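Below is one structure, written out as structure tokens, with a few remarks after it.
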Amino acid sequence: MTQSSDSRQIIEVDRTREAAREASLKTLSKTPRRDPARRYIAVAGNIGAGKSSLVEFLCQRYDIKPFFEPNEENPYLADFYDDMEKWSFASQIYFLTAKFRLHLELDATHQNVIQDRTIWEDAEIFAENLYLKGLMDERDYETYRKLYESVRTQIQPPDLMIYLRCPIKAVRKRIRMRGRDMEKNIPIAYIRRLHKLYEDWIASYALSPLVIIPSNNLDYVTDLVDCHDILTAIEKYL
């Protein structure tokens, strides 16, 4: 599924029918049901892929309530970027707990909602990367996964997952441009590993319909054609 970095194609994928027949997804039918009259849109992507910008843009176009990632509230995040091995478990547990609270809130919301980064990314991308690279030991990882699997049974997947595909070069440029102190020293190898994990995850994602947007090549703010193409792909799920 990986596309070249100069691709402008918006890709729509729906693997939910096939996934519904898989025993691994049977637990989804046991999760609490939310208000069927409203929609839950999720936006996924690497650091600097443009998630928050897209969320803000869509909220300006439609009557959608945004739920943003609690980066600024995480008391471990600055320490984590300074010493990932020491603070990985604490930081990931914080994000998992905060995301669970957000999911309970958005599941109880009657208005259409959109979320900037999901709980699935926390586990399948960020915690997984830390474990694979030895920055989270096996005991902590197993504890984290058990908690994550328990949380999964209590939340609903989105009605649409939007994945912002952004090449590593563009991600690094955006991180420099926004100038967040805690992100300045993120190793390029860390960004590359996240990118690969995202691509692997999206290649098999089957919790909901999926729209893949090449965020570095489409200008939905000033280009009317790009704006039309993106909105056309998303509006059917609202």
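A compact table of results
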read-out	value
Within the range 105-131, considering residues that are of a type in the set (A, V, I, L, M) and touching a residue at least 40 places away in the same chain (Cβ under 8 Å), the one surrounded by the most Cβ atoms within 10 Å (Cβ to Cβ)	ILE114
Among the residues listed as LEU194, LEU207, the single one being within 19 Å of ASN129 (Cα to Cα), under 16 Å from the mean Cα position of the chain (by Cα) and not in a strand (DSSP E or B)	LEU194
Filter pass, LYS169 being surrounded by fewer than 17 Cβ atoms within 10 Å (Cβ to Cβ), touching a Gly at 6+ places or on another chain (Cβ under 9 Å) and basic (Lys, Arg)	no
Single residue of TYR163, TYR205, TYR190, TYR220 found to be touching a helix residue (DSSP H, G or I) at 6+ places or on another chain (Cβ under 9 Å), hydroxyl-bearing (Ser, Thr, Tyr), under 22 Å from ASP82 (Cα atoms) and surrounded by 12 or more Cβ atoms within 10 Å (Cβ to Cβ)	TYR190
Residues being in a loop (DSSP other than H, G, I, E, B) and touching a Phe, Trp or Tyr at 6+ places or on another chain (Cβ under 8 Å) - total across the range 216-238	3
When residues of the range 67-76 are limited to those that are surrounded by 13 or more Cβ atoms within 10 Å (Cβ to Cβ) and more than 14 Å from the chain's Cα centre (by Cα), the one modelled with the highest pLDDT	TYR76
Residue within the range 137-158 that is among the polar types (S, T, N, Q), assigned to a helix (DSSP H, G or I) and touching a Lys or Arg at 6+ places or on another chain (Cβ under 6 Å) present	no
Members of the range 165-202 found to be closer than 18 Å to THR118 by Cβ and in contact (Cβ under 8 Å) with a residue 24 or more places away in the chain, listed by number	ARG165, CYS166, LEU194, HIS195, LEU197, TYR198, GLU199, TRP201, ILE202
The lone exception for ASP79 - which of (1) charged (D, E, K, R); (2) buried (at least 16 other Cβ atoms within 10 Å of the Cβ); (3) in contact with a helix residue (DSSP H, G or I) (Cβ under 6 Å, 6 or more places away or on another chain) it fails	(2)
Every residue from the range 1-56 that is modelled with pLDDT under 65 and among the acidic types (Asp, Glu)	ASP6, GLU22
Count of residues meeting criterion [modelled with pLDDT of 95 or more, surrounded by 13 or more Cβ atoms within 10 Å (Cβ to Cβ) and not aliphatic (A, V, I, L, M)] in the range 144-156	3
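The values are calculated or read from the model by the stated rules, or taken from the named source; none is laboratory data. Predicted, not measured: the structure shown is a model, and the values here were computed from it. Note that we place each Cβ from the backbone using ideal geometry, even for glycine, and neighbour counts take in every protein chain shown.
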